[in-house]
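Please treat every number below as a calculation from the coordinates, not as lab data. Since we're looking at a predicted model, the values are computed, not measured. Virtual Cβ from ideal backbone geometry, glycine too; neighbours counted across all protein chains shown.
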Amino acid sequence: MKKRDRLDFFDVIVLLSCLAGIVIALTLTVMPHGPLTQVTLLDYPTTMSHDQPLNFSLNITGQSHYSIDIFEDNEKLFTVLSNGSTILHFGFSNITKGLHRFTAQVNDLVAHDYHSVFFTVDVV
Amino acid sequence: MKINKVLALLIIIFAVGTLLRLYPAALSDKPLRFDTYYHVRVAEIMKETGAIPVSDPWPFGGRPHIYPPLYHISLAAASIASGASVLDVSRFFLPIISSITILGVFWFVRNFRNERTALIASFLFAFNPFLISSSYESPQVIGLLLSLFAVYFLMRKRYLYCGLLLGVIYLFNVFIALIIAAPVILLLLFERRLKQAAITAAPLALFIALWYLPRLDALYCLNNWIGPLFIAKGAGMWVMFSTPAFVALALISVTLLDSIGDRYRRFWLLGTTVFMLIFLTHFFTPVLHPWRLDSILMFSFIFVFADAVADMKRKKQFFFCVYVLASLFTLSVMYHSWLFDRPLTQNEYALIDYTATLPPNIVPLATHDLCANIMTLTNRSCLLDINFECIPNPDLWYDYETVLWSGNSEEIRILLEKHSVRALALSGGDAVQRLVTPLDVDKRFAAWLPNTPDASYYEINIRQGALSYYGRLA
C-alpha cells in the first residue's frame, strides 16, 4: 500500500479541528440576538373636531431603555422618555383643521435604532 | 486502509453530517425555509384529494400548478405511512435525504476510485456549508442523490438507465434535472457518441413531454416574477459574495490535477465548468436561480477536489485546509443572510401572531413567505402580493418591471383596489414602507430586533369610497 493512501495523524487532526469549528459556528448561529421589541398602536381617532384634544395610546414591549418622539406630519411635537410602563397614553390639543399624520417614533437608546407607528386623523 | 478503519471513519462522517443537517431542523418546530410551505400545501391537497391540484395553493393567485409531482407525492406518502402531518414530515424529509447522500457519495466514488478518495469526497459533502444549508427546502436534494446513480450508469455506459434516472429527477425538480443533464449530454457529444446521447436524452424528453403536454394550456399563465427576473441585473449580495470563493475553489482543484485524466474526471471537470458558467450568469440575470446553483456547483466540486487531494502528498494537503477554512468563513458570513435561519425572522413571527388576533373578516395582503406562514400557522387567509398573479400577456414581460412591489405606488394602489385590500402585513422596514406610506394608511403594529428591519401591520383608510394618497387630500 502506498504511503499517500494512508489516513494518518495529520489527517485526523485536520478532520477533528474542522468538526470542532463547524460545531462552534453552529452554536454561535443559534444564540439569541437581543430582545424583540413590539409596538402596538392602541386607541386613536380617525376623525375629530379641531376643538377637541387628541388622545391615543401605545403598547411597547421588549425593551426598557427608549424614548418616544411624537411628530405631527413631519414636525416634532415633543419627546417622552421611558418610564417603565408598557402602556403609554398621549394627549394634546390645538390641532389645525385638515388631514394630519401623527407618528410615534420609538427610539432604542441601547441599540441606537428606531421604528415608528403612525396614524392619520381627519380634523374637521 | 483496512476495511474496519474505513467503516469507522465513514460512520463518523455520516453521523456528524447527519447531525449537522438534523440539528437546525430539530431546533425549529416549523420547517426551515419558506419554499417548504408551498410544497407542504401542495402535498396536503394531494393527501386530502388524492389528485394533483390544478391551481397553485394560494387564494386569488390564479396561477396553474405545473410543478412536477413526485416530491409532493413523496411527502404525502411519507405522511400517510408515518401518521405524522405533512408539515412535520417536511421538517426532516429533505435533511434525511441529504444525509443519505453522504453514503451515496462514498459508494459512488469508491466505484471509480479508492476508499481514501471516497472518504474525502463524503467528508466534503457532509461538511460543505452550502450543501448543508440547501438541505431543507428544495427537492433538488433528492435530485443530487439520484444524479449519483445517473452518472454511475453514464460511467458504466448504461445510457438508457442514465436517461431514465434523469427523467425521474425531472419529476422531482425541473431545474436540477436540466442542470445535471447538461454535462451528461455534453460529455457524450464531445466523445462523438451521438447515438448514446440520443438514448440518454430521449427518456428525459419523454418525461418532460408526459408532464407538460397535458398542461400546455396552463403555460399561458406565467408568473409575474419571470419578467422582472430578466430585467433585474443581479442576485442578492450573498451570491455576489460567494462568487469569488466558488471560482477560487474550482480553480484550486483544477490546478491540483496533473491531467484531464479518465472519463470520470472529465465528466466532473465538465460538470464544474458548466455549472460555473451557469452560476456566473447571475451578473446578467438571476433567472437561472443562482441561489440554488451553489449546492450543485459544490456537488460537482467535491468530486474534482477529492480526486485532486487524494493524489497529493501530505504537505500539499495544505489546500485541503484552505478549502475547509474558506468553507467555515463562508458559513459564518452566510449566517447573516439565510443559513440556518428559520423560514421567517422573529419579527415576522411576531407579526403573524398579531394578525391572528385580528377580526376574522380582515384578510391582509402579504408577501409570499409571510402569506404562506399566516395560512399555515394561524389557519387564516391572506392575499398574496402581485408577483403570484398571472401575466395576462406573456409577450409583454418587459413591460412588467413597474408592476413589481418595487414599482410605483400607483400600481400598488391598483392592486389594493382590485382586491379591496384593507390591511397589509409587510416585512422589510423602510424599504417596503416607502411604498405604502404615501397611501393613507395607519401603521398599527411594528416588531423588530436591534438593527433589523421591522415587520409591520398597516390598515388602509378608505375615504369617500376610494383609496387616497396621503397628502393629496386637503
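As a calculated quantity, the FRET efficiency between A:Glu72 and B:Ala356 at R0 = 35 Å, using C-beta atoms, amounts to about 0.60.
Under the simplified labelling scheme, the B:Ser420-B:Ile66 pair shows an inter-label distance of 3.2 nm, with each label point 7 Å from Cα along Cα→Cβ. The loop-placed trypsin sites (Lys or Arg not before Pro) in the stretch B:127-186, going by DSSP, that have at most 11 neighbouring Cβ atoms within 10 Å of their Cβ come out as B:Lys157. Close amide H pairs (under 5 Å, H built 1.01 Å from N) link A:Asp113 with A:Asp108, residues at least 5 positions away or on another chain. Net charge of the neighbourhood of B:Ser147, taken over other residues with C-beta under 15 Å away and scored Lys/Arg +1, Asp/Glu -1, is +3. Applying both filters, DSSP loop and at most 11 other Cβ atoms within 10 Å, to the chymotrypsin sites (Phe, Trp or Tyr not before Pro) of the stretch A:62-107 eliminates every site. With R₀ fixed at 22 Å, the C-beta to C-beta distance from B:Leu210 to B:Ile100 puts the FRET efficiency at about 0.20. Across the cross-link table entries A:Lys76/B:Lys443; B:Lys5/B:Lys157; A:Lys76/B:Lys418, which are compared at the Cα atoms, the separations over 27 Å belong to B:Lys5/B:Lys157; A:Lys76/B:Lys418.
On full extension, the segment bounded by B:Ala51 and B:Leu160 gains 36.2 nm, given 0.36 nm per residue less the C-alpha separation.
Available extension along the chain between A:Leu109 and A:Leu81 is 9.1 nm, counting 0.36 nm per residue and deducting the alpha carbon span. Net charge around B:Leu164, counting only other residues with Cβ within less than 15 Å of its Cβ (Lys, Arg = +1; Asp, Glu = -1)? After counting each charged neighbour, the total is +3. In this simple spin-label model, placing a label point 7 Å from the Cα along the Cα-to-Cβ direction at both B:Asn111 and B:Ala198 gives a separation of 2.6 nm. If R0 is taken as 35 Å, the Cβ-Cβ distance between B:Ile3 and B:Ile260 corresponds to a FRET efficiency of 0.65.
Over all other residues within a Cβ to Cβ distance under 13 Å of B:Thr273, the charged ones net out to +2, with Lys and Arg as +1 and Asp and Glu as -1.
Determine the shape class of the stretch B:158-203: with a ≥ b ≥ c the square roots of the Cα gyration tensor eigenvalues, call it rounded for a/c under 1.5, and otherwise prolate if a/b is greater than b/c, oblate otherwise.
Taking the square roots of the gyration eigenvalues as a ≥ b ≥ c, the stretch B:158-203 is oblate.
Of the chymotrypsin sites (Phe, Trp or Tyr not before Pro) found in the stretch B:247-300, the ones in coil according to DSSP and having at most 16 other Cβ atoms within 10 Å of their Cβ are B:Phe284.
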